[in-house]
Amino acid sequence: MPNPNLIPPIAKAINKGELPLGVFNSPELFELEKEHLFAKSWNFLAHESEIPNAGDYVQRYIADDSFIVTRDKQDAIHVVLNACRHRGRKVCSVEKGNARNFSCPYHGWVYDLDGALIDIPYEDEGYGKDAIDHADWGLMAAPKMGIWRGMIFANLDPNAEPLDDYLGDAKWYMDFYTNKSEAGLEVYGVPQRWVVDADWKLAADNFVGDGYHTFITHASTIQAGMLPAQSGDFLLDGVQVALEHFGIGFARQDPLFNSLAYPPPMMEAMRQRFNPEQVSLMDNGVSLPTHANLFPNLSFLNAPGAYTAMAPPAPYMTFRIWRPLAAGKTEIWSWCMVEKDAPEEFKQASYKAYLISFGTSGTLEQDDAENWSQISLPAKGTMASKLSLNYSMGNGLLEPMDDWPGPGNAYPLDFTEFAQRAFWKKWITTLEGK
Ligand code: FES
Ligand SMILES: [Fe+2]
């Protein structure tokens with residue numbers, strides 16, 4: 001049972017623009033997050049392109065809960081809990097595949113692609129004819145499921161607002177990632193996964209609004225020519241936008257960052273698809289958006305990268321989930337996304353640029369995760385856990401731009417912490433149940 005006095009002092013610190021370091025390695029907070037945050041949030045699980053054919057499935061997680069995301073013979077997508085109704089064994093033990101149905105390896109109960117129970121071995125002998133109503137004993141569907149632009153989400157709260165309402169104004173910005181072409185996105189390859197000794201909130205905090213770290217954390221990647229920029233301050237005089245549940249950063253207009261190295265025909269296609277206000281941003285002094293986070297733990301990154309210092313830069317895009325495993329421990333899930341109708345050479349160049357920067361062995365990835373573990377591991381310390389962190393950047397210095405065409409509060413600098421402060425407010429009010 002978590003300590004009831006845990007939350008109020010943290011809320012007080014957040015309201016002052018501070019944060020106790022201990023939030024990055026607290027077993028008590030982790031339990032609260034599982035119950036009050038991840039079980040009540042819209043969690044991204046998969047992209048439709050990962051299960052294109054009838055019978056395709058992937059295994060995905062919301063914190064500790066395992067789900068099977070399937071496509072049935074009628075082309076409908078289902079999200080069902082991966083736990084047999086007999087003894088609870090995982091019905092599906094592999095990460096992806098194609099199946100006619102799921103047969104539990106323990107005693108052989110068989111479930112259809114939509115989770116319906118279709119067979120119990122020796123049912124008449126063991127239970128009696130018609131004693132078990134199969135309709136009552138199928139795999140449990142996630143209480144809520146929603147799909148937006150091919151992105152499959154689930155929510156464990158049966159009273160959750162619809163996904164579309166939750167996304168709300170964030171969709172205006174998520175368009176830049178998801179609506180670049182007529183055909184939409186597909187996952188290139190499979191999502192890569194790895195575990196880091198870091199709290200999930202550090203990764204979300206970084207992607208939601210930490211433009212500031214780029215000039216120093218990623219300096220060596222820039223020096224090596226893999227992040228094509230003169231220096232790491234391309235976000236300095238960009239723009240940061242804070243919504244209640246979403247934050248996003250734009251780099252300044254710059255020959256490399258303006259179009260993130262998308263070739264002219266793809267830029268033209270974007271102009272045709274985006275609305276006039278969205279297009280006006282592209283003509284108005286900022287790049288296409290780079291980093292973002294949708295509360296709680298779905299991050300986006302779109303940037304130019306070169307897979308060798310000699311290669312021309314190519315744009316890459318990653319969607320990623322920071323899956324909490326324990327206090328101070330996160331499983332990173334990282335998808336490389338490409339436009340489905342882009343030429344194959346573009347997709348390959350984009351994938352290579354992604355791998356070298358944000359794949360498992362990516363240089364930018366490792367730059368970041370090393371910082372996060374150097375915060376999370378010491379955060380357990382008796383003295384360190386109480387350390388107050390400064391979250392005041394931009395406070396009293398910047399006002400929201402009044403000529404910004406998009407929703408939310410936009411600030412004329414990405415070296416600022418408005419989106420991070422909004423993230424922490426959303427985090428604490430969610431834990432408070434507000
Ligand atoms: S646990 Fe699945 S059939 Fe027994
Ligand atoms: Fe980074």
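The values are calculated or read from the model by the stated rules, or taken from the named source; none is laboratory data. Keep in mind it's a predicted model, so treat the numbers as computed, not measured. Methodologically, a virtual Cβ is constructed for each residue, glycine included, from the backbone with ideal geometry; neighbour enumeration extends over all protein chains shown.
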Next on the checklist: Checking Asp283 against (1) at pLDDT 95 or above; (2) under 16 Å from Pro412 (Cα atoms): exactly one of these is not met. Which one?
Outcome noted: (1)
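Pick from segment 172-191 the residues that are small (Gly, Ala, Ser) and touching a helix residue (DSSP H, G or I) at 6+ places or on another chain (Cβ under 9 Å): which of them is farthest from Val94 (Cα to Cα)?
Ranking the qualifying residues of segment 172-191, first place goes to Ser181.
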Checklist entry - Which numbered condition trips up Phe24, out of (1) over 20 Å from the mean Cα position of the chain (by Cα); (2) under 30 Å from Lys380 (Cα atoms)? => result (1)
Checklist outcome for this item: Out of (1) more than 26 Å from Pro315 (Cα to Cα); (2) at pLDDT below 95, the one Lys386 does not meet is (2)
Checklist entry - Among the residues of segment 4-23, which ones are over 13 Å from Trp427 (Cα atoms) and either assigned to a loop (DSSP other than H, G, I, E, B) or touching a helix residue (DSSP H, G or I) at 6+ places or on another chain (Cβ under 7 Å) (or both)? => result Pro4, Asn5, Leu6, Lys16, Gly17, Pro20, Leu21, Gly22
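Look through Tyr177, Tyr188, Tyr173 and report the one residue that is among the hydroxyl-bearing types (Ser, Thr, Tyr), away from ligand 1 (no atom under 16 Å from the Cβ), over 28 Å from Leu325 (Cβ atoms) and touching a strand residue (DSSP E or B) at 6+ places or on another chain (Cβ under 9 Å).
Only one candidate passes the filter, namely Tyr173.
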Item to check | Search result, residues across segment 255-291 that are of a type in the set (A, V, I, L, M, F, W, C) and in contact (Cβ under 8 Å) with a residue 40 or more places away in the chain | outcome: Leu256, Phe257, Leu260, Ala261, Met266, Ala269, Met270, Phe274, Leu281, Val286, Leu288
Checklist entry - How many of the residues in segment 128-159 are assigned to a loop (DSSP other than H, G, I, E, B) and closer than 24 Å to Val58 by Cα? => result 11
Checklist entry - From the list Phe418, Phe423, which residue is modelled with pLDDT of 95 or more and touching an Asp or Glu at 6+ places or on another chain (Cβ under 9 Å)? => result Phe423
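Look through Thr214, Thr221 and report the one residue that is within 21 Å of the chain's Cα centre (by Cα) and within 13 Å of ligand 2 (Cβ to nearest atom). Step through it out loud before you land on a result.
Numbers: Thr221 fails: within 21 Å of the chain's Cα centre (by Cα).
Going through Thr214, Thr221 in turn, just one is within 21 Å of the chain's Cα centre (by Cα) and within 13 Å of ligand 2 (Cβ to nearest atom): Thr214.
Results for (1) hydroxyl-bearing (Ser, Thr, Tyr); (2) assigned by TED's automatic domain parsing to the domain that holds Ser388; (3) in contact (Cβ under 8 Å) with a residue 40 or more places away in the chain; (4) over 27 Å from Ala170 (Cα atoms), shown as yes or no for each residue.
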| residue | (1), (2), (3), (4) |
| --- | --- |
| Glu33 | no, no, yes, no |
| Tyr57 | yes, no, yes, yes |
| Ile62 | no, no, yes, no |
| Asp72 | no, no, yes, yes |
Item to check | Odd one out for Tyr351, checked against (1) of a type in the set (Phe, Trp, Tyr); (2) out of contact with any helix residue (DSSP H, G or I) (no Cβ under 8 Å at 6 or more places or on another chain); (3) under 24 Å from Asn25 (Cα atoms) | outcome: (3)
Checklist outcome for this item: Flagged in segment 240-275 as touching a helix residue (DSSP H, G or I) at 6+ places or on another chain (Cβ under 9 Å) and closer than 30 Å to Lys201 by Cβ, in numbering order, are Gln240, Val241, Ala242, Leu243, Glu244, His245, Phe246, Gly247, Ile248, Gly249, Phe250, Ala251
Checklist entry - Name the helices (runs of 4 or more DSSP H) wholly within segment 176-270 that hold at least 2 residues that are of a type in the set (D, E, K, R) and within 26 Å of Ser376 (Cα to Cα)? => result 200-209
Checklist entry - Does Tyr106 fit the bill of being touching a strand residue (DSSP E or B) at 6+ places or on another chain (Cβ under 7 Å) and within 13 Å of ligand 1 (Cβ to nearest atom)? => result no
Next on the checklist: Here is a list: Trp148, Trp109. Which entry is hydrophobic (A, V, I, L, M, F, W, C), modelled with pLDDT of 95 or more, crowded, with 20+ Cβ neighbours inside 10 Å and more than 16 Å from ligand 2 (Cβ to nearest atom)?
Outcome noted: Trp109
